[in-house]
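What follows is calculated from the coordinates using simple rules that are stated; it is not laboratory data. Computed from a prediction, not measured in an experiment: that's the story for all the values here. So basically every Cβ, Gly included, is an ideal-geometry build from the backbone, and we count neighbours across all protein chains shown.
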Amino acid sequence: MDKQTLKQRCCEAIDQNRDTVFALADDIYRHPEMGFREFRSTNKMKEAFEGLGLQVEDGIAYTGCSAKAGSDNGPTVAIMGELDCLNCPDHPDSTEDGNVHSCGHHAQLANLYASAIGLIKSGVLSELCGSVKFIAIPAEEYVDSDFRNTLINDGKINYYSGKQEYLYRGGMDDVDMVLQAHLINPQDENIVSCLDTDCDGFISKRVRFIGRASHAGFAPWEGVNALNMAQLAIGAIHTLRETFRDDDMIRVSSIITKCGEMVNTVPAEVEMQLMVRAATLEAMLDSSKKVDRALKAGALALGGKVEIRNEIGYLPLHSSRELTALYRDNIKSYLGLGDDAFISEYASAGSTDLGDISHIMPCMHIWTGGISGALHASDFKVTDREAAFIMPAKMMAMTVIDLLFDRAQGAKTVLDAYRPVFTKDEYIAFMKDHTGTDTFDGSAI
Ligand SMILES: [Zn+2]
Ligand SMILES: [Zn+2]
């Protein structure tokens with residue numbers, strides 16, 4: 001069978017099952033679950049894959065499930081859909097707990113299921129060389145850190161995010177490349193997709209300034225004011241901003257999470273959380289070092305102490321231009337569109353854990369339309385179900401056909417162009433090497 005016929009059969013199978021896909025999307029949307037709590041959503045995806053006759057592995061990264069189909073005579077292409085929702089109590093569709101899919105991950109699961117329908121029900125996989133791994137992956141959003149710390153302390157997970165955990169557990173060992181689409185509002189009705197996605201990575205910091213309490217009226221001179229240390233540190237961070245190169249897209253965000261107890265007492269302890277984002281690993285590490293210096297400057301000036309807990313959040317995402325080109329060409333020919341239907345280069349200071357995987361193997365991360373409002377906001381809404389739930393699935397399934405048709409020549413081209421930054425072991429070592437607590441005591445100076 002020629003490639004065009006395979007693609008046509010695949011899309012027909014998806015079209016014939018669109019109501020089933022919509023039903024799954026709606027069900028997941030009505031039952032949103034936060035990261036590493038997605039037991040119901042995992043089960044739903046498991047049932048959906050089993051309905052296609054696939055053997056399913058669940059609990060793949062604490063929650064989450066996967067199913068593989070195809071043959072061993074070629075590479076494995078993964079299609080990923082994220083399971084987790086957000087907490088956004090202002091959203092009109094949020095549950096009693098405030099949970100809602102305001103990042104549109106329910107659409108990713110619809111895409112994942114529909115692409116599986118297309119490739120399995122049409123029977124096209126038997127005409128291809130290699131296999132497809134359908135992965136419903138947990139916990140993409142970097143939130144809920146107290147809960148995740150509990151899971152880590154209980155030995156249930158090792159990392160903060162689903163893809164990191166899955167990678168660590170060996171789930172990606174048999175995968176050669178990844179396809180994923182994510183909803184976005186392109187703010188222009190003529191734009192169908194934002195293609196070559198790059199994202200910042202980030203380092204997360206938990207900081208504790210430790211001073212000494214004293215009566216704020218009787219004897220403030222006997223205290224060491226931790227709030228003043230934090231204030232100086234924040235000022236020092238601001239003075240660093242002019243040293244950040246535009247190309248590195250560095251963002252430093254901070255909040256104060258604990259800030260003294262009583263106004264008549266000099267605050268002895270102040271806690272902060274910070275995120276340092278940047279477009280490259282080098283810029284991430286360099287700007288993180290500068291921020292640590294600024295934090296220590298606050299402690300030094302007041303003669304107090306600061307503890308800085310550093311953790312790598314996510315690594316920067318650099319998506320495979322070769323994978324994107326296949327996806328774009330499928331849209332152009334299937335929908336009869338020209339180059340003006342795309343934003344080609346799309347760099348953002350947002351972050352995703354697909355960035356971690358992109359350091360080990362080629363990854364595609366497409367931004368696709370079909371919504372109004374903004375991601376993570378109370379006005380987020382899917383307005384075009386065909387564009388959000390069906391179209392990206394067809395495009396990813398057809399991209400799989402491009403990759404694995406004709407002795408998987410397409411996949412070979414993608415792999416030949418790719419230069420890994422890390423092996424899996426090097427990645428795990430990198431994460432470990434850059435996690436730790438640095439304590440600076442300014443009282444000794
Ligand atoms: Zn999100
Ligand atoms: Zn998202």
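Counting only Cβ charges, +1 for Lys and Arg and -1 for Asp and Glu, the dipole size of the chain around its Cα centre is about 600 debye. Within the shell of other residues whose beta carbon sits under 12 angstrom from the beta carbon of SER372, the net charge comes to -2, with Lys and Arg scored +1 and Asp and Glu -1. Within the chain, the whole DSSP H helices whose Cα atoms reach 27 Å or more along their own axis and whose mean Kyte-Doolittle score is at least -1.0 are 281-302, 391-417. Remark: segment 207-222, residue by residue, has Karplus-estimated 3J(HN,Hα) of 10, 10, 8, 10, x, 9, 7, 7, 5, 6, x, 5, 8, x, 5, 8 Hz, where x stands for each Gly or Pro and the curve is 6.51 cos²θ - 1.76 cosθ + 1.60 at θ = phi - 60°.
When the charge dipole of segment 201-313 is built from unit charges on Cβ atoms (+1 for Lys and Arg, -1 for Asp and Glu) and taken about the Cα centre, the candidate among SER287, ILE203, VAL263 whose Cα reaches farthest toward its positive end is VAL263. Each Lys and Arg contributes +1 and each Asp and Glu -1, all at the Cβ; summed about the Cα centre of segment 201-313, the dipole is approximately 120 debye.
Cβ-to-Cβ counts within 10 Å put HIS105, HIS359 in ascending order as HIS359, HIS105, the fewest first.
Residues of segment 203-218 with the amide nitrogen closer than 16 Å to a label point 7 Å from the Cα of THR437, along Cα-to-Cβ, please. So the set is 205-211. The Cβ shell under 10 Å around ASP402 holds other residues with a net charge of 0, Lys and Arg each +1, Asp and Glu each -1. Taking the number of Cβ atoms within 10 Å of each Cβ as an exposure proxy, the fewest-first ranking of GLU242, GLU386, GLU307 is GLU242, GLU386, GLU307.
Here the 3J(HN,Hα) profile of segment 197-203, calculated from phi with Karplus coefficients 6.51, -1.76 and 1.60 at θ = phi - 60°, is 8, 10, 10, 5, x, 8, 10 Hz, Gly and Pro shown as x.
Fully extending the segment from ALA429 to ASN190 would add 81.6 nm, taking 0.36 nm per residue of separation and subtracting the current Cα-Cα distance. Given H placed on each backbone N at 1.01 Å, which residues far from VAL224 in sequence or on other chains put an amide H within less than 5 Å of it? Here ARG212, ALA213 satisfy the definition. Listed by chain and number, the aspartates and glutamates whose C-alpha is less than 12 Å from the C-alpha of LYS156, apart from same-chain residues fewer than 8 away, are GLU165.
The alpha carbon gyration tensor of the chain gives principal lengths a ≥ b ≥ c with a/c of 1.5 or higher and a/b greater than b/c, which makes the shape prolate.
Candidate cross-link partners of LYS289 among the lysines, defined by an alpha-carbon separation under 27 Å and a same-chain spacing of 8 or more, comprise LYS163, LYS205, LYS258, LYS305, LYS424, LYS432. Listed by chain and number, the aspartates and glutamates whose C-alpha is less than 17 Å from the C-alpha of LYS3, apart from same-chain residues fewer than 8 away, are GLU12, GLU127, ASP329, ASP402, ASP406.
Comparing PHE430, THR352, ILE445 along the charge dipole axis of the chain, the residue lying farthest to the positive side is ILE445, per the Cβ-charge model.
A cut-off under 14 angstrom between Cβ atoms defines the neighbours of CYS363, and their net charge, with Lys, Arg +1 and Asp, Glu -1, is -4.
Coupling constants for segment 264-276 follow from the phi torsions by the Karplus curve (6.51 cos²θ - 1.76 cosθ + 1.60, θ = phi - 60°), and in residue order they are 8, 10, 4, x, 9, 8, 10, 10, 10, 10, 9, 10, 10 Hz; glycine and proline get x. When the Cα gyration tensor is reduced to axis lengths a ≥ b ≥ c, the ratio a/c is 1.5 or higher for segment 201-313, and with a/b above b/c it is classed as prolate. For TYR160, TYR427, the sequence from fewest to most other C-beta atoms within 10 Å is TYR427, TYR160.
Would you give the gap between the C-alpha center of segment 1-66 and the C-alpha center of segment 108-128, rounded to a whole Å? About 10 Å separates the Cα centre of segment 1-66 from the one of segment 108-128.
Summarising the amide proton neighbourhood of ILE60: residues at separation of 5 or more, or on other chains, whose placed amide H is nearer than 5 Å comprise CYS65.
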